[in-house]
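Q: Submitted below is the structure of interest, expressed as structure tokens.
Laboratory data are not the source of any read-out in this text; all were calculated from the coordinates shown. A quick note: this is a predicted structure, and the numbers were derived from the prediction, not measured. Counting neighbours? That spans all protein chains shown, and the Cβs are built from the backbone with ideal geometry, glycine included.
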Amino acid sequence: MKPIKTHPRLSPFSLTLLSLFSCAAQAEQAPVHQLDPVTVTATTPSTQNSLQDAREEVARTAGGAGVVEAADLRDQRAGTLADALSQATGVFAQSRFGSQEMRLSIRGSGLARTFHTRGITVLQDGVPLNLADGSGDFQSIDTLAADHIEVFRGANALQFGGSNLGGSVNFVTATGYTAGTEARLEGGSYGYRRAYLQSGAVAGNLDGFASLGYYGSDGFREHSEQREFRFTSNLGVRLDSGIENRSFLTVTRSDSELPGNLTKAQLEADPRQANNSNRDSQLDQRRDTKVVRLANKSVARTSDTTLTELAVYAARKDLDHPIFQQLLQENYDYGVSLRLIETAPLFGHANRLVVGVNPQYGYTRGDSYVNLAGTRTRGALTDRYRQEAANLIAYAENQFGLSRDLTLVTGAQAVSARRSNDDQFIAAGTLDGSYDRTYRGFSPKVGALYQLAPKTQVYGNVAGSFEPPSFSETTVTLPGDSTPNENEAQRAVTYELGSRSQGQVWGWDLSIYHARVRNELLIVAVETAPSSGVTTGVTTNADHTIHQGVEAGLRVRPLPWLTLRLNGLYNDFRYDGDAQYGDRRLPGVPQFQIKSELRGDFGKQFVALTTESSGDSPVDMQGALKADSYTLFGLKAGGELLPQLGWFLEARNLADEKYAATTGVIDSLRASNAAQFLPGEGRSLYAGLEWRL
């Protein structure tokens, strides 16, 4: 459904929001103003990029980058992050079982990680959501609260402090300047329901935004019920001194049953079944989290050409995670982000310098207990640990205008990262898992951006990346090991060429990249108890690997009412002369994925045909087991029923295809570890209504 143009009004919810916040802020009293719905630079708070700001940021980037607009999120089911990123060029996002748990990968980042994320900096309002060790979750993100989503692929995230292979994804929340009062209801197959309420308003030099969201599903598969509650808010204030300040509060609760992996034969026979050990009567595997996140950002324009940004944040996450054992964790993360942007000319040429530093600290207190099958009761203590992660990231990027159309980009980043684990429960005959390690890296970058035509650019760059291991990649060991896992940091050099254009009829976003990776962190399921078939996920460093591919987004509008959109990924990830695996493909993602949408707009209504095609995907390092290729078809329709009432209807997987949305990764195939397939949803139907007051 298209956003409905209305004037944001001060609803009772908005007035309550502003009155609650105003008691904590000193602000000039002024009458309430109604806003025109069109966002212009003069009314956009500089603490938050507007959609136009984001587009200009992409246009300055000498590499792959893009923006997902809020309008694209609202014409369909908005249940998961995978839904929101479905049309983002260069992003592989597949839900594990219709939930926020998903595999998120850019350029093969976190290739063997089917849960959480690694190798991508996930941000909300420019503030990291990742834990300090680099891992991260998605449950605290309410995509409907986003004004837009910014995606900077690979080293193109350097100007935001990103140091990894995959780049960054930034969810920019709406503000009182960009959002009004809105209510949305969705429902559909497998007990899916979604309720969302938001309000935003402006009063004098204060603006505020708040949203409440609920997501629930009985699940396509057995034992996959989910419940999520989210509160997302921010308050902005403009001071007479020219400083703008914005405070953010996010509160999330997520409860998810985990249906587990199936064998290929089980998927083909009945993709809705759960792995037997995951069921209520067995281990009752779940992942329940509570997150509270506070952040504050200030922006000061100290001169006509100088902008200084300072952000501080703190977050607490509680995890209750019964799997083969019951994991309980409390995590506390703190950080600061200081960034200076200077746009004064240099030697008579246009110039833009970004310099920043990001110190981060995280502390985790964790206990593990025997999972008393099916009772949700803790058994005997099996492990107790205290973990600390600290990072100091310093970076600089300069864009120098060699001529009117040619820009030279240079940059570098230095990282110092500490990982410490204090093993406080060492049973007889077990390994002391304590360690304290420091990783240091330096990543340079050079690139160029050429304005070929008013709306067409070509670019190229060469850049390094550096990724210290997370705790899950340093603490897990194999039986017989005498020391904790001593993995090295992953390093890479990526070469990139590309072009983008935004014309009325044609538009494209194309990047070709080649990355040479050293010490790639690969997680594999290794059989640790052959008699019982127990496997353990263990991380190892591969000596040399290659990640290369094509990221392509295409938009064609042959007729005023007809639009075709294509998003394609070609992934060629493989070992490079490995002693054991030679040049074999790396498992984890398909070799290609193509998504399309053919849409017709008829007045205030639309109809669209969607497709998703995926190549086969290896599961093991030997290439003996693969997930089959598939093609899915869908239909969407929507528009406006009334001036303030929108609707959508979406049908997915019309042919009821049985397929694996994603898989686990193993070293080699055995009868005991063949259950690695996570089925995608079958034929489904979803509908929604949206009111804008």
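Q: Exceeding 29 Å between C-alpha atoms, which entries from my cross-link table qualify? They are Lys636/Lys658; Lys445/Lys595; Lys595/Lys626; Lys264/Lys595; Lys297/Lys317; Lys595/Lys658.
A: Pairs exceeding the cut-off: Lys445/Lys595.
Q: Here's a follow-up. Multiplying the sequence separation of Ile594 and Arg516 by 0.36 nm and subtracting their Cα-Cα distance, what value in nm do you get?
A: Fully extending the segment from Ile594 to Arg516 adds 25.6 nm.
Q: Normalising by the residue count of segment 12-692, find the relative contact order in percent from Cα pairs under 8 Å and 6+ residues apart. Can you show the working numbers first?
A: Details: 1991 pairs, mean separation 76.9, N = 681.
Reported relative contact order: 11 percent.
Q: With θ taken as phi - 60° and the coefficients 6.51, -1.76 and 1.60, list the Karplus ³J(HN,Hα) couplings across segment 492-499 in order, rounded to whole Hz; mark glycine and proline as x.
A: Once rounded to whole Hz, the list reads 8, 10, 10, 10, 9, 10, x, 7.
Q: Under a 5 Å amide H to amide H cut-off, with H placed in plane at 1.01 Å, what residues pair with Ala350 once short-range neighbours are removed?
A: Under 5 Å from the amide H of Ala350 lie the amide H atoms of Gly401, each far enough along the sequence or on another chain.
Q: Further question: Mind listing the phi-derived Karplus ³J(HN,Hα) values for segment 453-463, rounded to whole Hz, using 6.51, -1.76 and 1.60 with θ = phi - 60°, and x for any glycine or proline?
A: 8, x, 10, 10, 10, 10, 8, x, 7, 10, 8
Q: Here is a follow-up. Relative contact order of segment 242-390, please, whole-number percent, based on alpha carbon pairs below 8 angstrom and at least 6 residues apart.
A: Once divided by the residue count of segment 242-390, the mean separation gives 19 percent.
Q: Within segment 384-468, report the chymotrypsin sites (Phe, Trp or Tyr not before Pro) that DSSP leaves as loop and that have at most 15 other Cβ atoms within 10 Å.
A: Working: sites: Tyr385, Tyr395, Phe400, Phe425, Tyr435, Tyr439, Phe442, Tyr450, Tyr459, Phe466; in loops: Phe425.
Sites meeting the loop and neighbour criteria: Phe425.
Q: Same structure, new question: Counting only other residues whose beta carbon sits under 13 Å from that of Leu562, what net charge do I get with K and R as +1, D and E as -1?
A: So the surrounding residues net to +2.
Q: Something else: Which of the trypsin sites (Lys or Arg not before Pro) found in segment 334-422 are loop residues per DSSP with 16 or fewer other Cβ atoms within 10 Å of their Cβ?
A: Arg376, Arg404
Q: Once both labels are modelled 7 Å past Cα along the beta-carbon direction, what's the Asp616-Leu294 spacing in nm?
A: Distance between label points: 5.5 nm.
Q: Whole-Hz Karplus ³J(HN,Hα) for segment 114-119, in order, using 6.51 cos²θ - 1.76 cosθ + 1.60 and θ = phi - 60°, x for Gly and Pro?
A: Values, residue by residue: 8, 9, 6, 7, 8, x Hz.
Q: Please work out the Cα center distance from segment 226-265 to segment 185-214, rounded to the nearest Å.
A: One Cα centre to the other: 12 Å.
Q: Additional query: What does the charge count near Ala396 come to, summing +1 for each Lys or Arg and -1 for each Asp or Glu among other residues with Cβ under 11 Å from its Cβ?
A: Working: positive: Arg339, Lys445; negative: Glu342, Glu397.
Net charge around Ala396: 0.
Q: How much length is gained if the chain between Phe324 and Tyr214 is pulled fully straight, taking 0.36 nm per residue apart and subtracting their Cα-Cα distance, in nm to one decimal?
A: Once the chain is fully extended between Phe324 and Tyr214, it gains 36.7 nm.
Q: Multiply the residue gap between Tyr332 and Leu562 by 0.36 nm, knock off their C-alpha separation, and tell me the result in nm, one decimal place.
A: Answer, rounded to one decimal: 77.8 nm.
Q: Helix 12-22 versus the longest principal axis of the chain: what angle, 0 to 90°, nearest 10, using Cα atoms?
A: Taking the Cα atoms of the chain, the angle to 12-22 is about 90 degrees.
Q: Suppose only helical runs count, i.e. DSSP H with n ≥ 4. What mean residue ellipticity at 222 nm does that imply for the chain under -39500 (n - 2.57) per run, divided by all residues and rounded to the nearest 500 deg cm²/dmol?
A: -1000 deg cm²/dmol
Q: What distance in nm lies between label points placed 7 Å from Cα along the C-beta direction at Asp543 and Ala687?
A: 6.1 nm
Q: Could you check the simple spin-label distance between Leu346 and Thr430, using points 7 Å along Cα→Cβ, in nm with one decimal?
A: Output for this residue pair reads 5.4 nm.
Q: Further question on the same structure: For the chain, count all C-alpha to C-alpha pairs, find those more than 41 Å apart, and express that count as a whole percent of the total.
A: That tail contains 26 percent of the Cα-Cα pairs.
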